[in-house]
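Reading through the structure tokens given below for one structure.
The values are calculated or read from the model by the stated rules, or taken from the named source; none is laboratory data. If you're wondering where the values come from, they're calculated on a predicted model, not measured in any experiment. No Cβ is skipped: glycine too gets one built from the backbone with ideal geometry, and neighbour counts run over all protein chains shown. Each accessible area value is taken on the protein alone, full model and side chains, heavy atoms only, with ligands, DNA and RNA left out. Shrake-Rupley method; radii C 1.70, N 1.55, O 1.52, S 1.80 Å.
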Amino acid sequence: MNLAQITLGQKAVVHALNVPADLAQRLAALGLRPDSEVTVLRRGWLGGPLQLRVGNTELMLRRDAATGIEVAPLQDPAFDQCAMAEVRP
């Protein structure tokens, strides 16, 4: 499963970064690396970017880049529905 397929608000563990080396290095500097926990906070409308939380860091990631990040969803995701939203224009 890739990061773009994770349900809104669900937490997942990163298994692999199958993205170009420069992007993988940038994501690792932001905390998104194998074995890290990530939460999808928001999804841009019409295939727009994803807003993610990794630790205390929030970042936006293009959906095409998110498809190259292999993750495994965590069981029984507990999240605050009020903090999650589908972004629409």
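Got a number for residues in the stretch 68-89 being open to solvent by 70 Å² or more (accessible area, probe 1.4 Å) and either of a type in the set (Gly, Ala, Ser) or at pLDDT below 90 (or both)?
Matching residues across the stretch 68-89 total 10.
If I go through the stretch 1-56 residue by residue, how many of them are surrounded by 15 or more Cβ atoms within 10 Å (Cβ to Cβ), among the small types (Gly, Ala, Ser) and part of a helix (DSSP H, G or I)?
Residues that pass the stated criteria total 2.
Within the stretch 58-67, which residues are open to solvent by 50 Å² or more (accessible area, probe 1.4 Å) and not basic (Lys, Arg)?
58, 60, 64, 67
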